[in-house]
Structure formats: structure tokens, C-alpha cells
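Single-structure report; data block below.
The values are calculated or read from the model by the stated rules, or taken from the named source; none is laboratory data. Since the model is a prediction, treat every value here as computed from it, not as a measurement. Using ideal geometry, Cβ is built from the backbone for each residue, glycine included, and neighbour counts are taken over all protein chains shown.
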Amino acid sequence: MNYDICTDAVRWDAFVEASPHGNVFCSTKFLNALPVKYELATMLHNEEIVLGAIILISSSDLMKAPFPMTTYQGVLCCRDYQEMPYHRRSKWLVTNLTNLLVELEQRFPNFSFCLSPSFDDVRAFQWLNYHEPHKGICTVTVRYTGILDLQKTPDFERYLSEIRSVRRQEYQKSLADGYHVRSVQDIELLNYLHRLTFERQGLVRTDDEERLLLSISRAALEKGYGEMLVCCDKHGNPASATLFLYDQRFGYYLVGANSPDHRKSGSGTLLLLENIKRCFERKLIGVDFVGINSPDRGDFKTSFNAQPSPYFVVSFEKSVSML
């Protein structure tokens, strides 16, 4: 296999779409919305990409994963990997991923990846420099997201009957009170409600965080891989808004924002359930709630029947003595 930097966006995106670890966050249309440079490191076999990795670079520094407001920008394997029998797949991954990591180790003082939940074998990272740890090792951290498997439920109405009862009550109450959902492209409204959400929590967004929200939202809506929904009261006042991203398999709950004036209205529940309903209509295989790594947020998201699913953040730093 040969190491190469992919500069062909069409070729890379085709690889991402076919990969069992591919997702919207790895596509060039999403990467181009980030305020950082990136390299697409690949391993080639017979001129075909069999392994790929995204290296995010800000100024002269490599970014530590996960990048804000994004996730799963890690290592991806080719489609053939998923089709191998396990006895062959295991050896193939350890051998070839190790080769990729050695190449990266020679080129960068550090690198960091946030792996897809479908990437479940991290031994190659753990074994890098196994016999020479003084050269630098990878640290592996486990995080969790919530995955809702839409293939287990025949339709939205059946799904609605299976979630936590308080969510159904909030959903029904908000509808009875005249709350309604519509699709919009008003990223300034999303930005405004997002700021209010931070303020309610006693947090202050930085200018960089605001610019990132606007950049990601604008690209997703303009290029058609995202949808913004807003929930309004019976008078048309906005109560909450979401931004969902989509690829060919999943819907991703990337941004949720609420007005403090409507916090107890159930509008946030109504809005999220409308997004899930639309994922059913798109015939997607699942919904990724993009993180359940704090108690309150985790409980809210799992109350929609999202299954806690681990994913790994891996980081390598070369030993100071090797620099």
C-alpha cells in the first residue's frame, strides 16, 4: 500500500459514502464549512483508497478531536472491509491501520481522531509503538452518543408509543396549545435562539463559536444536506429551533436552541419528534443524537429511545525526546 494525500473532492466523497464509517461530517461539503484547513490522508491499493483519515489544521497547529460542533472525523475504511469475514477483517485492519499511523507519525508531531461509533476496533491505536513507547503512544478515550435505530420500528406512530411517557405528554400538550413546526432557512433566528440557550445556562458564546454556527448552518442549508425547523406558538412567535444534518444513512441532531419564555411548553419535544418523523419519511436507518456526555442532556436524549453507543477519541503525541 502507498500513502497519499487526496486532493480530489469527488473521489474522497465517493469513498466516504461507500465506507462503513462514512458520515456527513467527513464529506468535503461539511469540511469546507469549517474555518480550518485539512488534509485527506489515504492509503492506496491498486490506486484505490482503502483507508482514509482527516487531519484538521488551524494555522500551523493540528486540531485536537473532536472539533467544536462536529464529530466523527476520524479514520475510515473502504467498503470491502465490512464485507470481509471477521478472521480476515481483524488482521487486515490492524496491519493496514498500523501502516497508516506510522506514516502519520513520521509526518506530524501529533494527530487526533474522533472515530465513528461504527469503528469498534481500536487495537491498532493502542498498539502503536507497543515495544517502543518512548517514541509516543496513543491515548484512547471512550465517549457516548445516542443512536435511535429506525429499522426496529415500522412507523412513527408506533415509535411514538414506545418513548418515555412524559415526552408523549409534552408532545400532545404542545400540539393542543397550538404550537406548530415549519421548515425555514433563517440562520440568524437559529443563532439568536442558540445565544439565548447559552445565556439561560449561564454561559457566554465566543465570537468564534458564533461564526462556526453560522458557517456550518449556512453551508448545510445552501448545499441541501441539512434542514432547519422552527417551532412557533399559536401567535407565530418562535419557541425553539433545530438544525439536523443528513447523509444517506442517518439524521444527526446537531443544534437545538430554545427560547426561555417557552421552556415549559413542550415545544422542544414537539420539534425533536418532528425531526425524527422526517427521518422516518426519508427512510433513514437511524438518528444520531450527537453526544450524550452530560447527565441532563444524556437523560433527555435517551428518553426518546436513543441507545447509548460508545465511540472513541484517539490522540497521539510524539515523545518530547523524539522531537
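Considering (1) without any contact (Cβ under 8 Å) to a residue 60 or more places away in the chain; (2) closer than 27 Å to M69 by Cβ, say which one G178 fails and leave the rest.
If we test G178 against (1) without any contact (Cβ under 8 Å) to a residue 60 or more places away in the chain; (2) closer than 27 Å to M69 by Cβ, just (2) comes out false.
Return yes when V313 is closer than 29 Å to V75 by Cβ and not in a strand (DSSP E or B) and no when it is not.
no
Among (1) surrounded by 12 or more Cβ atoms within 10 Å (Cβ to Cβ); (2) of a type in the set (S, T, Y); (3) farther than 17 Å from T302 by Cα, where does S183 come up short?
It is condition (1) that S183 fails.
Any residue in region 31-50 that is acidic (D, E) and either touching a residue at least 24 places away in the same chain (Cβ under 8 Å) or in contact with an Asp or Glu (Cβ under 7 Å, 6 or more places away or on another chain) (or both)?
Applying the first criterion (acidic (D, E)) to region 31-50 yields 39, 47-48.
Filter again for either touching a residue at least 24 places away in the same chain (Cβ under 8 Å) or in contact with an Asp or Glu (Cβ under 7 Å, 6 or more places away or on another chain) (or both), leaving 39, 48.
For region 31-50, residues acidic (D, E) and either touching a residue at least 24 places away in the same chain (Cβ under 8 Å) or in contact with an Asp or Glu (Cβ under 7 Å, 6 or more places away or on another chain) (or both): present.
Would you tally the residues in region 263-307 being assigned to a loop (DSSP other than H, G, I, E, B) and more than 16 Å from the chain's Cα centre (by Cα)?
Of all residues in region 263-307, those assigned to a loop (DSSP other than H, G, I, E, B) come to 263-266, 282-285, 289-294, 303-306.
In the following step, the residues that additionally are more than 16 Å from the chain's Cα centre (by Cα) were identified as 263-266, 282-283, 294, 303-305.
Matching residues across region 263-307 total 10.
Please work out if E209 is in the same structural domain as E281 (by TED's automatic domain parsing) and among the acidic types (D, E). Quick ask: steps written out before the conclusion?
Details: in the same structural domain as E281 (by TED's automatic domain parsing): yes; among the acidic types (D, E): yes.
Yes.
Could you say whether any residue in region 253-266 is of a type outside the set (S, T, N, Q) and under 23 Å from S19 (Cα atoms)?
Pass one, region 253-266, residues of a type outside the set (S, T, N, Q): 253-257, 260-264, 266.
So of that shortlist, the ones also under 23 Å from S19 (Cα atoms) come out as 253-254.
Yes: region 253-266 contains one or more residues that are of a type outside the set (S, T, N, Q) and under 23 Å from S19 (Cα atoms).
Does R195 meet the test of being outside the structural domain of C77 (by TED's automatic domain parsing) and over 24 Å from V36 (Cα atoms)?
On the way: outside the structural domain of C77 (by TED's automatic domain parsing): yes; over 24 Å from V36 (Cα atoms): no.
No.
Just the residues that are over 12 Å from Q248 (Cα atoms) and either touching an Asp or Glu at 6+ places or on another chain (Cβ under 6 Å) or surrounded by 21 or more Cβ atoms within 10 Å (Cβ to Cβ) (or both), please, taken from region 1-20.
Y3, I5, W12, F15 - these are the residues of region 1-20 that are over 12 Å from Q248 (Cα atoms) and either touching an Asp or Glu at 6+ places or on another chain (Cβ under 6 Å) or surrounded by 21 or more Cβ atoms within 10 Å (Cβ to Cβ) (or both).
The rows are residues; the columns are (1) surrounded by fewer than 15 Cβ atoms within 10 Å (Cβ to Cβ); (2) touching a Ser or Thr at 6+ places or on another chain (Cβ under 9 Å); (3) not small (G, A, S).
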site: K135; (1), (2), (3): yes, yes, yes
site: L160; (1), (2), (3): no, no, yes
site: R167; (1), (2), (3): no, yes, yes
site: L189; (1), (2), (3): no, no, yes
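Take residues that are at pLDDT below 95 and either closer than 26 Å to F250 by Cβ or β-branched (V, I, T) (or both) and tell me which of the helices (runs of 4 or more DSSP H) falling wholly in region 21-123 contain 1 or more.
On the way: elements: 28-31, 79-83, 86-107.
Ranges flagged: 79-83, 86-107.
Does region 165-212 hold any residues that are touching a helix residue (DSSP H, G or I) at 6+ places or on another chain (Cβ under 6 Å) and farther than 22 Å from S267 by Cα, and which are they?
R205
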